[in-house]
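To keep things clear, I will list the structure first and then write my remarks on it.
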Amino acid sequence: MTFAHRIEDVVQVVEAVGVAVLVLGGLVVLVRSAWMAIRPETRSSAYGFCRRHLGRVILLGLEILIVADIIRTVIVDQTPASVAVLATIVIIRIVLSWSLAVEIDGTWPWNKAALDAEQDPGPDRRT
C-alpha cells in the first residue's frame, strides 16, 4: 500500500465524518425541534431553533468536507485540473457557508462581533 493510498483512505474517513455530522446532526436537530413543537410552552420557538441549529450542522459538515477536498488535492492529486476543481468547490462551499451564516445570525460574518458588542456590552460599559 502506497502513501497515496493511505492518504486516500484518510480522506474517505474524513468525508464519512462530514456526512455523519450532516446526517446525525440533522436528525438530532429535527427530533429536538419536533419535541419542541409538540410541547405547548416551546411550540413558538421550535421553528427558529430548527433553522438556527440545522444551519449550524450544515456549516460544520461543509467545513469537514472542505478539509477532505483540500487533503485530497494537496497530497494525492496534484494536477492543475484537480486544483481548479478544488478552487471551484471551496468557492461554492464558502458562498453557501456565508449565506447560511447570514441566515442564522442575520448579519455578515465580519459584522457579527460589532453586533454582539452592541447587544451585550461588557460589564465595564454598562451604566
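Only helices enter the 222 nm calculation for the chain: every DSSP H run of n ≥ 4 contributes -39,500 (n - 2.57), and dividing by all residues gives -27500 deg cm²/dmol, rounded to 500. The HN-Hα couplings worked out from phi for the stretch 82-95 by the Karplus form 6.51 cos²θ - 1.76 cosθ + 1.60 (θ = phi - 60°) are 5, 5, 5, 5, 4, 4, 5, 4, 5, 4, 4, 5, 5, 4 Hz, whole numbers, x standing for Gly and Pro. Compute the separation of the alpha-carbon centres of the stretch 1-56 and the stretch 58-122 and state it in Å as a whole number. The stretch 1-56 and the stretch 58-122 have Cα centres spaced 17 Å from each other.
Modelled spin-label separation between Ser44 and Val90, with each label point placed 7 Å from Cα along the Cα-to-Cβ direction: 4.6 nm. Can you give the log10 of the normalised intensity I(q)/I(0) at q = 0.25 Å⁻¹, computed with Debye over equal Cα scatterers of the stretch 4-95? Values, matching the q order: -1.14.
Each value in this text was obtained by applying a stated rule to the coordinates, not by laboratory testing. All values derive from a computational prediction rather than experimental measurement. For neighbour counting, all protein chains shown are included, and Cβ atoms are generated from backbone atoms with ideal geometry for every residue, glycine included.
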